[in-house]
1. Within segment 212-234, track down each residue that is touching a His at 6+ places or on another chain (Cβ under 9 Å) and more than 11 Å from ligand 2 (Cβ to nearest atom).
2. If I ask for residues that are outside any loop (DSSP other than H, G, I, E, B), aliphatic (A, V, I, L, M) and either within 16 Å of ligand 2 (Cβ to nearest atom) or modelled with pLDDT under 90 (or both), which ones from segment 378-411 would you list?
3. Out of segment 1-17, which residues are closer than 17 Å to Phe133 by Cβ and of a type in the set (A, V, I, L, M, F, W, C)?
4. Could you tell me whether any residue of segment 176-183 is away from ligand 1 (no atom under 14 Å from the Cβ), closer than 22 Å to Asp384 by Cβ, in contact (Cβ under 8 Å) with a residue 12 or more places away in the chain and not assigned by TED's automatic domain parsing to the domain that holds Lys129?
5. Scan Ile440, Ile414 and give me the residue that is part of a helix (DSSP H, G or I) and either in contact with a Lys or Arg (Cβ under 6 Å, 6 or more places away or on another chain) or in contact (Cβ under 8 Å) with a residue 40 or more places away in the chain (or both).
6. Take the conditions in a helix (DSSP H, G or I) and either of a type in the set (Val, Ile, Thr) or modelled with pLDDT under 85 (or both) and apply them to Ile375. Does it pass?
7. Restrict the check to segment 118-127 and report whether at least one residue is surrounded by fewer than 17 Cβ atoms within 10 Å (Cβ to Cβ), touching a Ser or Thr at 6+ places or on another chain (Cβ under 9 Å) and either part of a strand (DSSP E or B) or in contact (Cβ under 8 Å) with a residue 40 or more places away in the chain (or both).
8. Considering only segment 55-99, state which residues are modelled with pLDDT of 95 or more, within 11 Å of Thr163 (Cβ to Cβ) and more than 30 Å from the chain's Cα centre (by Cα).
Amino acid sequence: MVSKTWSFTTLGVEAVKVTVEVDASRGLPGTTVVGLPDSAVKESRERVRAAIINSGYPYPTKRIVVNLAPADLKKEGTLYDLPIALAILASSSILSQDKLNEYVIAGELGLKGEVNRVKGVLPAAIMAKKEGFKGLIVPPENVEEALLIEGIEIIPVKNLVETAAFLNGDIQIPPAEKKEIYNRFSFNVDMSEIVGQYQAKRALEIAAAGHHNVFMVGPPGSGKTMLARRLPTILPPMTEEEIVETSKIYSVAGLTSEIPVASRPFRSPHALCSDVSLIGGGNSVKPGEVSLAHNGVLFLDEMAEFKRSALESLRQPLEDGFVTISRASGTYTFPARFSLVGASNPCPCGYYGFPDSVHQCTCSPHQIKKYMSKISGPIMDRIDIHITVPAVKPEELKDKREGESSEKIRERVIKAHEIQKKRFQNSKIKFNSQMGRKEIKQFCKLTQEAENMLLQAVKSFGLSARSFNRILKLSRTIADLDSCDTIELKHIAEALSYRETTT
Ligand SMILES: Nc1ncnc2c1ncn2[C@@H]1O[C@H](COP(=O)(O)OP(=O)(O)OP(=O)(O)O)[C@@H](O)[C@H]1O
Ligand SMILES: [Mg+2]
């Protein structure tokens, strides 16, 4: 007899429906799993057998074939344990097939039959709703992510016996109830904690307002990391749509406990991290740090210490807002739209250009040049704001006066976002930093004075066409923060102060 349950597999951040078919026929007892299973799926035979027996059910003494269809899609992980076990129980008429058709089911089984968490339940909930299923049967730990999708029943199950009893109608399990998302600003840091550093704070405000990338150079201990950590706190709260988008990535990465991702993520990969952990990929394709930072901030501390190949691979996400990874098993796409903040010391010892009473730079000119040259080129071209962050003087640090709060700054950022929303309502782009030549021409109108200054700057600083456009985009954001339609002299002057001077 052939019985069937429904489950899923993920391709990037999308779930695809998978049918779990079980055929139990006469022959030498044994269980085979077919349909491109990976080793975790193959091992599920042993877990399922133990779970069924330890839950008090007989394991059929038949030749059992488990088919995961469509057979050309790779099946990974442990999520098929529960649907396989249920299909086996149905094949020996312990369960009826009817109710099994109404649910998408996923769960890893322990040897005693307990149901443990799996990856990818959020995309599965989206798929199940689209395909018209009544609900989703999932481990308790995965309930919260599934609840982000409305209009589909989420049934949490603790073990195999409970699941079977529910499907047979012997017990009722009420669908989980949607909870209010309250932690949209669960930050334990605030801009007000930063003493001084007015230019840096202003630069972060502009970055947040126009979605510009930032690069900070300064000596050790000047507060670069501290500043970067506070960028998410001045960004607007995440929308429902953004919460689902980002949570989907965490779901397929298996970071269940962090879902829902309701406050903007801040990711800070180590300089020695592998390209795979930064960009994504690996044997069983996983999203990288750039995707975990989606809708939030990616902070590359000590940027000059990153491998060149890692920095080069940031080009695609910076340009397109997503990452594609090609494998024999298919092409995987992960969203990766983030604000990039880079930080670096000016040289290996850290004090070139920023000497203090104790420290003098001890590097040779060659060392200094080599250090910075690593981060020049393609990545720098995608960073609009370049600032230096000198150390705050010790006597200033004693100043007890509180700086402006993140909330206050955020209000101005939100206002600037609203201006841009109106400006780009008929366009694919959302922020000033994403403007191309056409939009720059249309939206960056300058006063005569401002234009003269810009042309003068082109001559005296030898600005390239690319930097010229970057300055226009940046001055557009600065003017937006000022609620000015036309870009004025002071806006251009400020934008010019953030230009790249290190190369
Ligand atoms: N402007 C500031 N206001 C308040 N505290 C500060 C400020 N600047 C530095 N500090 C203090 O100095 C510490 C070091 O700062 P931080 O780690 O951000 O420096 P950094 O520039 O990232 O240094 P490095 O180059 O070594 O990474 C902070 O934890 C904070 O306690
Ligand atoms: Mg630091």
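1. Val214, Phe215, Val217 - these are the residues of segment 212-234 that are touching a His at 6+ places or on another chain (Cβ under 9 Å) and more than 11 Å from ligand 2 (Cβ to nearest atom).
2. Scanning segment 378-411 gives Met380, Ile387, Leu397.
3. Across segment 1-17, the qualifying residues are Trp6, Phe8, Ala15, Val16.
4. no
5. One residue alone meets the criteria, Ile414.
6. no
7. Step one: list which residues in segment 118-127 are surrounded by fewer than 17 Cβ atoms within 10 Å (Cβ to Cβ), which gives none.
Checked segment 118-127: no residue is surrounded by fewer than 17 Cβ atoms within 10 Å (Cβ to Cβ), touching a Ser or Thr at 6+ places or on another chain (Cβ under 9 Å) and either part of a strand (DSSP E or B) or in contact (Cβ under 8 Å) with a residue 40 or more places away in the chain (or both).
8. Within segment 55-99, Ser55, Ala85, Leu86, Leu89 meet the criteria.
The values are calculated or read from the model by the stated rules, or taken from the named source; none is laboratory data. Predicted model, so just to flag it, every value in this text is computed and none were measured. Reconstructed Cβ throughout: ideal geometry from the backbone, glycine too, with neighbour counts over all protein chains shown.
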